[in-house]
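Following: one structure in structure tokens, then a few remarks.
The values are calculated or read from the model by the stated rules, or taken from the named source; none is laboratory data. None of these values were measured; they are calculated from a predicted model. Please note: Cβ atoms are built from the backbone with ideal geometry, for glycine as well, and neighbour counts cover all protein chains shown. Surface accessibility is based on the protein's heavy atoms, side chains included, excluding ligands, DNA and RNA. Shrake-Rupley method; radii C 1.70, N 1.55, O 1.52, S 1.80 Å.
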Amino acid sequence: MKKALITGIAGQDGSYLAEYLLELGYEVWGIVRREPTSSCWLQPVISRVEFAYGDLRDAESLAVAFRKAWPDEVYNLAAQVFVPTSWEWPAETFDINAGGLARLLQIVERQKPDTRVYQASTSEMFGNHDGLCNEQTPLYPTSPYGTSKVAAHRLAAVYRGRGLFAAGGILFNHESPRRGPEMVTRKITRAAARWARGDRTKLKLGNLQARRDWGFAGDYVKAMHAMLQRPSPQDYVVGTGISHSVAEFVEAVVAELRRLCRPQDVPSSLEEWVEVDPQFMRPGEIHNLRADTTLAHKDLGWRPAVSFENLVRMMVEADLAAVRASKAAAGDK
Ligand code: NDP
Ligand code: GDP
């Protein structure tokens, strides 16, 4: 039985990856900072995963977790993931996102160099590039987050040059009902669900014209696993190839509300619901990101299964159900 160790297992990708690897018959270990029962996304797998406490800033905790798990594969998904936070705490973002991988790679090289390592790289590394981005596209990040991820991505390549199996998955934005509530898609679907249940608070957003290549996280974790099954390590771009604007995401959410809710529970216009608030505008905004996934199709046989429309549907339905459940629990039916 193969053994995998996942950092960031309590997050969106970590929880989907744990489910997928368990389905494939892996023994799964996860590094957590808090009691695993405090993560709702881990509940479906909690009894089948082994946990170790650790923090990417603390080498000893990682070494102990690694020795316990003794993994064939490490998936380094833990990170400070939010771009605006990376401007507030640039040094901490570097310590976690780049320093964390440095600590892990040193442990792997010293303790068990045949362990294969997946590094969660990101399309934010590209910055503002016109057109589709592939594995050769130059990296010009525009935020401390993007720069910390470039440092980690390059470090993975350096260790690859020393003989380790280290692959960087350059993943474009991927969402789900488990997406962090600070990210724009989930911020919108949660606000939509609250509106539909009677809360008339306006949704304050920043740049509505920004475009992202949004896919479904459950599809993307399969590409992570496939990268570590290749004969030799390499970086891969993973995305859908299609971008939508934030405004288009909002419109798709409203269309879902119309399908699912009574007319009086749906905003009658975008102006009624959405307000542009300068505090959510970004320095170094990345205006458009689109993936060229030719290599992932060819080598990994990977293609996204969930469309943009179905992703929006899944997220709206989940957030409506969550608001309904919390209102029912509060006795407000
Ligand atoms: P989440 O925010 O959902 O999960 C991140 C996880 O990292 C959380 O479980 C968090 O733990 C953990 N974490 C944060 N800091 C530390 C630390 N110092 N030590 C240990 N664990 C820590 O992110 P996603 O699942 O969406 O993203 C997974 C990875 O993929 C990240 O590296 C991200 O940068 C990268 N990525 C994501 C994309 C996306 O669109 N989702 C796109 C491209 C790359 P806790 O629960 O304790 O807070
Ligand atoms: P990112 O691509 O990893 O930074 O993911 P986000 O979901 O945080 O942001 C995606 C895009 O949405 C960026 O271009 C943001 O500028 C834009 N955006 C517009 N309004 C908001 C907002 O209120 N919150 C967030 N998080 N992003 C917003």
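Against the condition small (Gly, Ala, Ser), away from ligand 1 (no atom under 14 Å from the Cβ), assigned by TED's automatic domain parsing to the domain that holds ALA10 and surrounded by 18 or more Cβ atoms within 10 Å (Cβ to Cβ), how does ALA166 come out, does it pass? Lay out the reasoning, then the answer.
Working: small (Gly, Ala, Ser): yes; away from ligand 1 (no atom under 14 Å from the Cβ): yes; assigned by TED's automatic domain parsing to the domain that holds ALA10: yes; surrounded by 18 or more Cβ atoms within 10 Å (Cβ to Cβ): yes.
Yes.
Just one of LEU155, LEU171, LEU105, LEU101 is in the same structural domain as HIS225 (by TED's automatic domain parsing) and within 16 Å of ligand 2 (Cβ to nearest atom); which is it?
Values: LEU155 fails: within 16 Å of ligand 2 (Cβ to nearest atom); LEU105 fails: within 16 Å of ligand 2 (Cβ to nearest atom); LEU101 fails: within 16 Å of ligand 2 (Cβ to nearest atom).
Among LEU155, LEU171, LEU105, LEU101, only LEU171 is in the same structural domain as HIS225 (by TED's automatic domain parsing) and within 16 Å of ligand 2 (Cβ to nearest atom).
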Subject >> Matching residues in segment 216-236 - criterion: being open to solvent by less than 10 Å² (accessible area, probe 1.4 Å) and part of a loop (DSSP other than H, G, I, E, B) >> reply: LEU228
Original post:
Looking at this structure, is ASP72 open to solvent by 30 Å² or more (accessible area, probe 1.4 Å), away from ligand 1 (no atom under 14 Å from the Cβ) and not aliphatic (A, V, I, L, M)?
Top reply: yes
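Quick one: is VAL238 touching a Gly at 6+ places or on another chain (Cβ under 9 Å), of a type outside the set (Lys, Arg) and touching a residue at least 24 places away in the same chain (Cβ under 8 Å)?
Details: touching a Gly at 6+ places or on another chain (Cβ under 9 Å): yes; of a type outside the set (Lys, Arg): yes; touching a residue at least 24 places away in the same chain (Cβ under 8 Å): yes.
Yes: the conditions hold for VAL238.
Pick from segment 270-286 the residues that are within 13 Å of ligand 2 (Cβ to nearest atom) and surrounded by 13 or more Cβ atoms within 10 Å (Cβ to Cβ): which of them is farthest from the chain's Cα centre (by Cα)? Reasoning before the result, please.
Pass one, segment 270-286, residues within 13 Å of ligand 2 (Cβ to nearest atom): 274-286.
With surrounded by 13 or more Cβ atoms within 10 Å (Cβ to Cβ) added as a condition, the list becomes 274, 280, 282, 284-286.
Working: VAL274: 25, PHE280: 20, ARG282: 20, GLY284: 20, GLU285: 19, ILE286: 17 Å.
Looking at the filtered set, the residue picked out is VAL274.
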Subject >> Filter result for LYS204 (more than 11 Å from ligand 2 (Cβ to nearest atom) and farther than 15 Å from SER123 by Cα) >> reply: no
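Kindly indicate the residue of segment 237-252 that is open to solvent by less than 70 Å² (accessible area, probe 1.4 Å) and β-branched (Val, Ile, Thr) and also nearest to ligand 1 (Cβ to nearest atom) among those meeting that condition.
In the first step, residues of segment 237-252 are kept if they are open to solvent by less than 70 Å² (accessible area, probe 1.4 Å); the result is 237-241, 243-250, 252.
Okay, now just the ones that are also β-branched (Val, Ile, Thr), so 237-238, 240, 246, 250.
Working: VAL237: 11, VAL238: 9, THR240: 12, VAL246: 14, VAL250: 18 Å.
Top of the filtered list is VAL238.
Residue under question is VAL49, and the condition is that it be touching a residue at least 40 places away in the same chain (Cβ under 8 Å), among the β-branched types (Val, Ile, Thr), in contact with a strand residue (DSSP E or B) (Cβ under 9 Å, 6 or more places away or on another chain) and more than 18 Å from ARG116 (Cβ to Cβ); does it hold?
Details: touching a residue at least 40 places away in the same chain (Cβ under 8 Å): yes; among the β-branched types (Val, Ile, Thr): yes; in contact with a strand residue (DSSP E or B) (Cβ under 9 Å, 6 or more places away or on another chain): yes; more than 18 Å from ARG116 (Cβ to Cβ): yes.
For VAL49, the condition - touching a residue at least 40 places away in the same chain (Cβ under 8 Å), among the β-branched types (Val, Ile, Thr), in contact with a strand residue (DSSP E or B) (Cβ under 9 Å, 6 or more places away or on another chain) and more than 18 Å from ARG116 (Cβ to Cβ) - is met.
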Original post:
Residues in segment 135-149 that are open to solvent by less than 20 Å² (accessible area, probe 1.4 Å) and either over 19 Å from TYR75 (Cβ atoms) or modelled with pLDDT under 95 (or both): how many?
Top reply: 4
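For every residue, the table says whether it meets (1) in a loop (DSSP other than H, G, I, E, B); (2) closer than 30 Å to ALA321 by Cβ; (3) among the basic types (Lys, Arg).
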| site | (1), (2), (3) |
| --- | --- |
| SER148 | no, no, no |
| ARG160 | no, no, yes |
| ILE170 | no, no, no |
| PRO177 | yes, yes, no |
| ARG186 | no, yes, yes |
| ALA193 | no, yes, no |
Original post:
Does GLU88 fit the bill of being among the acidic types (Asp, Glu) and more than 14 Å from ligand 1 (Cβ to nearest atom)?
Top reply: yes
**OP:** Just name the residue that is nearest to ligand 1 (Cβ to nearest atom) out of those in segment 253-289 that are out of contact with any Leu (no Cβ under 8 Å at 6 or more places or on another chain) and β-branched (Val, Ile, Thr).
**Re:** ILE286
Original post:
Can you tell me which of VAL312, VAL306, VAL323, VAL316 is touching a residue at least 60 places away in the same chain (Cβ under 8 Å), hydrophobic (A, V, I, L, M, F, W, C) and touching a Leu at 6+ places or on another chain (Cβ under 8 Å)?
Top reply: VAL316
Subject >> Residue ID - nearest to LEU101 (Cα to Cα), chosen from residues in segment 1-41 that are among the small types (Gly, Ala, Ser) and open to solvent by 10 Å² or more (accessible area, probe 1.4 Å) >> reply: GLY8
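Give me the residue from segment 309-333 that is under 25 Å from the mean Cα position of the chain (by Cα) and surrounded by fewer than 14 Cβ atoms within 10 Å (Cβ to Cβ) and, out of that set, nearest to PHE216 (Cα to Cα). First the steps, then the outcome.
Just the residues of segment 309-333 that are under 25 Å from the mean Cα position of the chain (by Cα), to begin with: 309-323.
Adding the requirement that they be surrounded by fewer than 14 Cβ atoms within 10 Å (Cβ to Cβ) leaves 309-310, 321.
Numbers: GLU309: 11, ASN310: 9, ALA321: 19 Å.
Filtering first and then ranking leaves ASN310.
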